[in-house]
Amino acid sequence: MDDRRIGTTIRTLRQRRRWRQVDLAARAGVSQSAASDMERGHVDRYTLSTIRRVLKALDAAAVLDVVWGGRGDLDRLLDADHARLLEEWARRHRRAGWQIANEVSFSIFGERGRIDQLCFHEKTGVLEVVEAKTGIWSLEETIGRHDVKIRLARQIAADRGWRVRRVVGCLVIAEGRTARRRVSDHPGLFARYARRNRDVSRFIGDPTAPTEGLLAFVSLPLTNGGGLRRAGQRRVRGSRANSSP
């Protein structure tokens, strides 16, 4: 994130609209001094949420990126964790006779996207729409995107020749204290995923039980296939050498 470039962008977009700084501030819900600060590149004084509000008022958006290791290292690390979640979930279902489809793309009535995994139980006609998450960062986005996929899943499955009688949403989340805390802190948002823990395993074996949604935490190895250590799964403690006496 280049602070000076962000400031120049805000100023240029404001001037393009023929707005004064006070006009931008009013539309973004910030003070004029804040708008002035940002235009001069002092964006580090403000929260990301505030910066996004200012940009949104200008019909722009901030894209935050993270760079780690060499080129592509972070993508390989994250993709490996995501793939392992799906592999483990597919394994559990195949043992119980489910059919599996991974990375299913769709484009229906202008809505485009990709479903992480579809699990279909032909005998009962139950279709499980799986969203795999290595972490939960945006709660509303996670739930909202899953809603869309669940709503369109019956039509998507019909294109594969699957005769669906019932659709069930499923969140598969990498095991971790932070992820569990995010779920427990927002019971209302996750209320629809009422079947959890051992009940999920029972459902996979016998999907006739009524349920609106499933939620399962899945443990992953501490290292991925390439030997990279998985981040965020263990609390980091200071060494004795760095501790205060």
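Being assigned to a strand (DSSP E or B), in contact with an Asp or Glu (Cβ under 8 Å, 6 or more places away or on another chain) and modelled with pLDDT of 95 or more, is that true of even one residue in the range 171-185?
Initially, the range 171-185 is screened for residues assigned to a strand (DSSP E or B), giving 171-174.
Okay, now just the ones that are also in contact with an Asp or Glu (Cβ under 8 Å, 6 or more places away or on another chain), so 171-172, 174.
Restricting the remaining residues to those that are modelled with pLDDT of 95 or more gives 171-172.
Looking through the range 171-185, at least one residue is assigned to a strand (DSSP E or B), in contact with an Asp or Glu (Cβ under 8 Å, 6 or more places away or on another chain) and modelled with pLDDT of 95 or more.
Which of the residues spanning the range 130-164 are assigned to a loop (DSSP other than H, G, I, E, B), open to solvent by less than 40 Å² (accessible area, probe 1.4 Å) and more than 15 Å from Cys119 (Cβ to Cβ)? Before you say what the answer is, go through the steps one by one.
Quick first cut of the range 130-164, residues assigned to a loop (DSSP other than H, G, I, E, B) only: 134-138, 159-164.
From the residues that got through so far, the ones that are open to solvent by less than 40 Å² (accessible area, probe 1.4 Å) too are 134-136, 162, 164.
Result: Thr134, Gly135, Ile136.
Looking only at the range 88-103, filter to residues that are open to solvent by 50 Å² or more (accessible area, probe 1.4 Å) and touching a residue at least 12 places away in the same chain (Cβ under 8 Å); which one of those is nearest to Arg202 (Cα to Cα)? Out of the qualifying residues, it is Arg92. The test for being among the basic types (Lys, Arg), in contact (Cβ under 8 Å) with a residue 40 or more places away in the chain and more than 14 Å from Val200 (Cβ to Cβ) does not hold for Arg112. Count of the range 104-115 residues, restricted to those that are loosely packed, with under 14 Cβ neighbours inside 10 Å and either of a type in the set (Asp, Glu) or touching a Lys or Arg at 6+ places or on another chain (Cβ under 6 Å) (or both), is 2.
Scanning the range 171-185 for residues being open to solvent by less than 80 Å² (accessible area, probe 1.4 Å) and basic (Lys, Arg) gives a total of 1.
Of all the numbered requirements in (1) assigned to a helix (DSSP H, G or I); (2) at pLDDT below 90, Ala62 misses one, and that requirement is (1).
Taking Gly69 as the residue in question, decide whether it is at pLDDT 90 or above, open to solvent by 50 Å² or more (accessible area, probe 1.4 Å) and assigned to a loop (DSSP other than H, G, I, E, B). Criteria not met by Gly69. Looking only at residues in the range 1-30 that are open to solvent by 60 Å² or more (accessible area, probe 1.4 Å) and in a loop (DSSP other than H, G, I, E, B), which one is modelled with the lowest pLDDT? Among residues in the range 1-30 that are open to solvent by 60 Å² or more (accessible area, probe 1.4 Å) and in a loop (DSSP other than H, G, I, E, B), the one modelled with the lowest pLDDT is Met1.
The values are calculated or read from the model by the stated rules, or taken from the named source; none is laboratory data. Predicted model only: the values in this text are computed from it and were never measured. Because the Cβ atoms are built from the backbone with ideal geometry, glycine has one as well, and the counts that use them run over all protein chains shown. Accessible surface areas use protein heavy atoms only, side chains included; no ligands, DNA or RNA. Shrake-Rupley method; radii C 1.70, N 1.55, O 1.52, S 1.80 Å.
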